[in-house]
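Okay, so here's the structure we're looking at.
Values in this text are rule-based calculations from the coordinates and carry no lab data. Because the structure is a prediction, the values reported are computed rather than measured. Cβ placement follows ideal geometry from the backbone for every residue including glycine, while neighbour counts extend to all protein chains displayed.
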Amino acid sequence: MTVRLNLVRSVKDLPREELFMPGHGLCAGCTASTIVRHLLKIAGRNTIVVNATGCVEVSTTMYPYTAWKVPWIHVAFENAAAVASGVEAALKALKRKGIIDPSKQINIIVLAGDGGTYDIGFQALSGMLERGHKIMYVLYDNEAYMNTGIQRSGSTPMHAWTTTTPLGKVLRGKPQAKKPIGEIVAAHRIPYVASTTVAHFTDMDNKFIKGLATDGPSFIHVLQPCTAGWKFDPRLGIKLARLATQTAMWINWEIENGVFNVTVRVPKRKHVRHYLKLQGRFKGLTDEEIEEIQRLVDMEVERVNKIVGREVIGPLEE
Amino acid sequence: MSRVKQKRLALNSNYAVAYAVRDVDVDVVAAYPITPQTTIMEKISEMIANGELDAELIHVESEHSALSAVVGASAAGARVFTATSSQGLELMHEILHIASGMRLPIVMAVPTRALSAPISIWNDYSDLMNTRDASWITFIASTAQEVYDSIVQAYMVAEDSRVLLPVMVAYDGFLMSHTYEPVEVPEDPGPIREITPRRDRITLDPDNPVTMGTITDPRWYYEIKYQQVKAMENAREVIEETSETLYRVLGRRYPPVEAYKTEDAEIAVLAYGGLFGTVQDAVDSMRSKGLNVGAIRLRQWRPFPVEELTHLLHNLDAIIVIDRAISYGASIQGPVALEVYPVASRMGLHVYSFIAGIGQRHVLERDIESMVSKALGYLDQGVTPLRSIYWGVRGGE
């Protein structure tokens, strides 16, 4: 496919029209709404959103109100990818039978959190990817079950406090590392997989544009700092997402038709403590535990640089 | 009366389902293989591969996703179908309630099967009976012909704006799903398409955006669920109307409860599914021996036909209900007997609940006759056992 895409260079290139309306109940300082707002500006009106159970779902559709100006459906926690598969199949069949206008391009987007993707929704997601439905799956990742009150998920990073992984005398936050969901998705050999953060607007927006233009499944993984669950000052959400990339706790990458590329390069990276110290969920960790997290990041940076074939994420600054 | 031209085919109940799905022109099918449902999907796959049916078939990775996918497809405006049995129906359970709560006209075939553990691929109705409170209209068919007709009727009922509830068509796994019977099918699907027209309803349409599946607080939830109660009540008249339409076109109709030789009977045997044929034969044989026995078949499980049953029970002294499922620890452990009881006891009838056919243990004519003589013995003594009678179980009381 060699369609020339209209990529954005700044937020000024986004349409002014708002399809995600104010008045919803997401927390002050929640960065999920920023993601959804950008997503709908990119996708436009001809879009159907399938939302897994989660913060965005419960906070934006308190009956009889809705924040959505596009058709939206929520069914359950673990099945958004299956529901979207049905929506896609329906549009295909109804277009073929002439019941709906065959020339009408309708985007189908799944919006799901980390619980609905890494854990309970993983099987349905894998099925959707394997079958090759033309659906863009957007994962907003706040690294725990925030909607039910901050319980640990497969996405929670090592040593992070959650209500089910307390920082105790014996157990020190989450004992395991974060599951590499993007690579697991990429292992399905789908055409487009990307990771980004809510702080990198053009990176995120252009990945939405590429995902929607993909002829088949696409997967966009967005880091979404959560003021309530990560325990930071509500004004720091975007700054934290930026710090995640600057410390290489998070790497903005994409795999386009099998080619891996880091889209936000970091010539010199900061020590992870700059990222950790602003968050209550990492409060109380020992220097040794912080160094353990740093070592995980170092290993990941080395691995990614090796895949790219040159140093796209630089060394720790002094 | 303008009945359509029909041809007679040898079909098992699973194939009868597939023919009906083809004739109503379903748009999206999603299903996952499970015995004894599989041959439905195989036949539908064949029909799609041969161009006899223009539908999208989603080869989902579980039954949970099968029902979820048809929920999505139905919400997007498609006419949808799925089928499952046993563990598959259990895995769907969460979404059963959501499908009806979202008022989506989904149709599902359920060749019934026993539940694990221990694992059994054979028939009983434990799977279906667990769906009792899921707000699905439920027919239990007794012949392959009725299976075909019921699938057609299911779409007519489900998609009616007075109803908008999903419909299940159940029948005996193996005993019917894999048994060939003569089935009349219209030579041309035209008349079937005419009685199942596509109707407008609210769908996921970018030109008219709606929000479906919202969160609802205590101020609204109750009223929304009460609308489901009303829809289930409305289904009664819609089922009646559509039965008449089907009769006009196909020459066949199925009352919610069907009576067989009950007019002068003192006792009747109520059964459902394929077992009814055996019960009818047993009734004939007992009548030839001078017993005043009749039979009743339950076809419409949800909504339960209270009035129609009341009418049929009028001149009876007692009723035997044969259940092929167990409600463990219930006051009466036959799920259908439990529903018949308040209707029958109000009319002064003795109700004898028999459990039989569990995991497809044979139920033969002579079993029915023995059940009747046992019940007549109780009736003579004027006693009604407080619990269900477990017919033929080794080590039973």
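Considering only residues that are part of a strand (DSSP E or B), in contact (Cβ under 8 Å) with a residue 12 or more places away in the chain and of a type in the set (Val, Ile, Thr), which ones fall in the stretch A:221-261?
Passing the criteria: A:222, A:255.
Report the residue count in the stretch A:74-105 for those that are at the interface with chain B (Cβ under 7 Å from one of its Cβ atoms) and either in contact with a Ser or Thr (Cβ under 8 Å, 6 or more places away or on another chain) or polar (S, T, N, Q) (or both).
Adding up the residues that qualify gives 9.
Of the residues that sit in the stretch B:178-227 and are within 14 Å of chain A (Cβ to nearest Cβ) and part of a helix (DSSP H, G or I), which one is farthest from residue A:99 (Cα to Cα)?
Going through the qualifying residues, I end up with B:222.
Exactly one of (1) out of contact with any Gly (no Cβ under 8 Å at 6 or more places or on another chain); (2) over 30 Å from residue B:55 (Cβ atoms); (3) within 14 Å of chain B (Cβ to nearest Cβ) is unmet by residue A:127. Its number?
Of (1) out of contact with any Gly (no Cβ under 8 Å at 6 or more places or on another chain); (2) over 30 Å from residue B:55 (Cβ atoms); (3) within 14 Å of chain B (Cβ to nearest Cβ), only one is false for residue A:127: (2).
Within the stretch B:63-81, which residues are closer than 19 Å to residue B:126 by Cα and buried (at least 24 other Cβ atoms within 10 Å of the Cβ)?
B:63
Give the residue, chosen from A:26, A:40, A:19, that is surrounded by fewer than 22 Cβ atoms within 10 Å (Cβ to Cβ), among the hydrophobic types (A, V, I, L, M, F, W, C) and more than 21 Å from residue A:77 (Cα to Cα).
From the options A:26, A:40, A:19, the qualifying one is A:19.
What is the residue count in the stretch A:208-220 for residues that are over 14 Å from the mean Cα position of the chain (by Cα) and part of a helix (DSSP H, G or I)?
4
For the list (1) touching a helix residue (DSSP H, G or I) at 6+ places or on another chain (Cβ under 6 Å); (2) assigned to a helix (DSSP H, G or I), I need the number of the one condition that residue B:115 fails.
Result: residue B:115 passes all but (2).
Kindly indicate whether residue A:147 is farther than 27 Å from residue B:27 by Cα and within 11 Å of another protein chain (Cβ to nearest Cβ).
Yes; evaluated as a whole, the condition is true for this residue.
Which of (1) buried (at least 21 other Cβ atoms within 10 Å of the Cβ); (2) in contact (Cβ under 8 Å) with a residue 60 or more places away in the chain is the odd one out, the single condition residue A:14 does not satisfy?
(1)
Could you tell me whether the stretch B:253-261 includes any residue that is facing chain A (nearest Cβ under 10 Å), without any contact (Cβ under 8 Å) to a residue 24 or more places away in the chain and surrounded by 15 or more Cβ atoms within 10 Å (Cβ to Cβ)?
No, the stretch B:253-261 has no match at all.
Please work out which residue is farthest from the chain's Cα centre (by Cα), limiting yourself to the stretch B:288-314 and to residues that are touching a residue at least 60 places away in the same chain (Cβ under 8 Å) and farther than 17 Å from residue B:273 by Cα.
My answer is B:291.
How many of the residues in the stretch A:133-166 are among the aliphatic types (A, V, I, L, M) and over 18 Å from residue A:275 (Cα atoms)?
So the count comes out to 6.
Give the residue that is nearest to residue B:104 (Cα to Cα), with candidates limited to residues of the stretch A:58-71 that are within 7 Å of chain B (Cβ to nearest Cβ) and in contact with a Leu (Cβ under 8 Å, 6 or more places away or on another chain).
Checking each candidate, the answer is A:71.
How do the helices (runs of 4 or more DSSP H) wholly within the stretch B:1-110 filter down when requiring 3 or more residues that are facing chain A (nearest Cβ under 9 Å) and in contact (Cβ under 8 Å) with a residue 24 or more places away in the chain: which remain?
Filter on the stretch B:1-110 gives B:63-75, B:93-101.
Filter the stretch B:206-230 down to the residues that are in contact with a strand residue (DSSP E or B) (Cβ under 9 Å, 6 or more places away or on another chain) and under 27 Å from residue B:154 (Cβ atoms), then identify the one that is surrounded by the fewest Cβ atoms within 10 Å (Cβ to Cβ).
Ranking the candidates gives B:210 first.
Hey, can you tell me all the residues within the stretch B:129-149 that are touching a Leu at 6+ places or on another chain (Cβ under 9 Å) and not aromatic (Phe, Trp, Tyr)?
The answer is B:130, B:131, B:134, B:135, B:137, B:138, B:140, B:142, B:144, B:145, B:147, B:149.
Looking at the stretch A:13-132, what helices (runs of 4 or more DSSP H) fall wholly within it and have at least 2 residues that are within 19 Å of residue B:75 (Cα to Cα) and in contact with a Phe, Trp or Tyr (Cβ under 9 Å, 6 or more places away or on another chain)?
A:80-96
Please enumerate the residues belonging to the stretch B:315-368 that are under 22 Å from the mean Cα position of the chain (by Cα) and hydroxyl-bearing (Ser, Thr, Tyr).
Within the stretch B:315-368, B:327, B:328, B:341, B:353 meet the criteria.
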